[in-house]
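Below is one structure, written out as structure tokens; the observations come after it.
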Amino acid sequence: MNLRTFNALGKRGVLGINCRNSEYIMRSNPRSAFPLVDNKVLTKRLADKFDIPVPPVYHLIEHHGDIHKLEAKIAGKPDFVVKPARGAGGKGIILVADRQADNFVTPGGTILSKADLDFHISDILSGIYSLSGLDDTAIIEALLHPAPVFAQVTYAGVPDIRVVVYRGVPMMSMVRLPTRASDGKANLHRGAIAAGIEITSGKTLTAVYHSAVITHHPDTGNPVGNIQVPYWERMLLIAASAFDMTGLGYIGVDMVIDSERGPVLLELNARPGLAIQIANLDGLRRRLDLIEAAPAAIFATAETRVSWAMQTFGASRQ
Ligand SMILES: Nc1ncnc2c1ncn2[C@@H]1O[C@H](COP(=O)(O)OP(=O)(O)O)[C@@H](O)[C@H]1O
Ligand SMILES: [Mg+2]
């Protein structure tokens, strides 16, 4: 966050990292629930139980000796994703968007040989990308094909939508849009941009790029604001039910809108970042306070929480 943005937001109750950690994450998130979200295999199993769509798994690789089985599992599949079960921040994820003869092509046009891919999977199993540094599992899953809604403001990749949820109430949202620099991934420190999404309407606001507020996509030049996100209420419901799934009181819920499947849950995050505040030009603090002061009845179900949020969290710049 650059200083000027931070100062401009100061009056709006921007939440800082220490406060987020001590007051909200530690108080709201039981440690026992962390493994459920820190391991994407466990998150997928949990989501299945709650009928929440996730990217279909083609194969899980747990042992170095099993890497050779990959070829058969992806036979006939033109595209797929390789990711560490315990990774974060886009590290160790390879999106394979195309195959050329025996090679694999990423959305940014990087070409990988079969040996490159095997080597990468071997790195994943060794835990190089794992949050804990311990051995890890490689997930081979379907590549989602984003619905066209963000096509004008995405450079070759897969945008994801994050909703931050407090006590089961969707509180703030953003869409992360890949750029040339982020190689198809939507992680902000990889150079993706983030546009706020108004909870009330599901329409995008301005965006942030490397801590600066922007109104147009750096590669495509198209305006990022005022885009209506489809399936908005359904996405808020998925986000709200992530609280029921995990018991985590403070959680970031990441989804992709797939062109055939609609909203798909990508991952859950027990320590969501704070850049979402810049993307919305609004602080989290006021919204957290509103939720804490809300009448008990609004917490009854995911539906009541979503409906209250949609009435409460309107235009951030009022
Ligand atoms: N199955 C998938 N299909 C398409 N894109 C994906 C898929 N999985 C991940 N991505 C892209 O990679 C990014 C990072 O993936 P994610 O699962 O969120 O892992 P991380 O925990 O490392 O952020 C996503 O934001 C998305 O842009
Ligand atoms: Mg992610």
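The values are calculated or read from the model by the stated rules, or taken from the named source; none is laboratory data. What you see is a predicted model, and the numbers here were worked out from it, not measured in a lab. Quick reminder, even Gly has a Cβ in these numbers, built from the backbone with ideal geometry, and neighbours come from all protein chains shown. For accessibility, only protein heavy atoms count, side chains too; no ligands or nucleic acids. Shrake-Rupley method; radii C 1.70, N 1.55, O 1.52, S 1.80 Å.
The table for this structure:
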| item | result |
| --- | --- |
| Residue 160 being touching a helix residue (DSSP H, G or I) at 6+ places or on another chain (Cβ under 9 Å), within 13 Å of ligand 1 (Cβ to nearest atom) and in the same structural domain as residue 292 (by TED's automatic domain parsing) | no |
| Sole residue being in contact (Cβ under 8 Å) with a residue 24 or more places away in the chain and within 16 Å of ligand 2 (Cβ to nearest atom), chosen from 188, 205 | 188 |
| Segment 183-210 - residue that is part of a loop (DSSP other than H, G, I, E, B) and in contact with a Pro (Cβ under 7 Å, 6 or more places away or on another chain) and, of those, most open to solvent (accessible area, probe 1.4 Å) | 183 |
| Count of residues meeting criterion [closer than 18 Å to residue 81 by Cβ and small (Gly, Ala, Ser)] in segment 29-49 | 1 |
| Filtered residues of segment 232-255 (kept if open to solvent by 10 Å² or more (accessible area, probe 1.4 Å) and charged (D, E, K, R)) | 233, 234, 244 |
| Any chance residue 151 is in the same structural domain as residue 41 (by TED's automatic domain parsing), among the small types (Gly, Ala, Ser) and surrounded by fewer than 14 Cβ atoms within 10 Å (Cβ to Cβ) | yes |
| Hits in segment 50-92 - residues which are touching a residue at least 12 places away in the same chain (Cβ under 8 Å), open to solvent by 30 Å² or more (accessible area, probe 1.4 Å) and closer than 29 Å to residue 302 by Cβ | 50, 53, 56, 57, 86, 88 |
| Some residue of segment 289-298 being over 20 Å from residue 196 (Cβ atoms) and crowded, with 17+ Cβ neighbours inside 10 Å | yes |
| Strands (runs of 3 or more DSSP E) contained in segment 211-309 and holding at least 2 residues away from ligand 2 (no atom under 16 Å from the Cβ) | 212-214 |
| Subset of segment 93-121 [hydroxyl-bearing (Ser, Thr, Tyr) and open to solvent by 30 Å² or more (accessible area, probe 1.4 Å)] | 110, 113 |
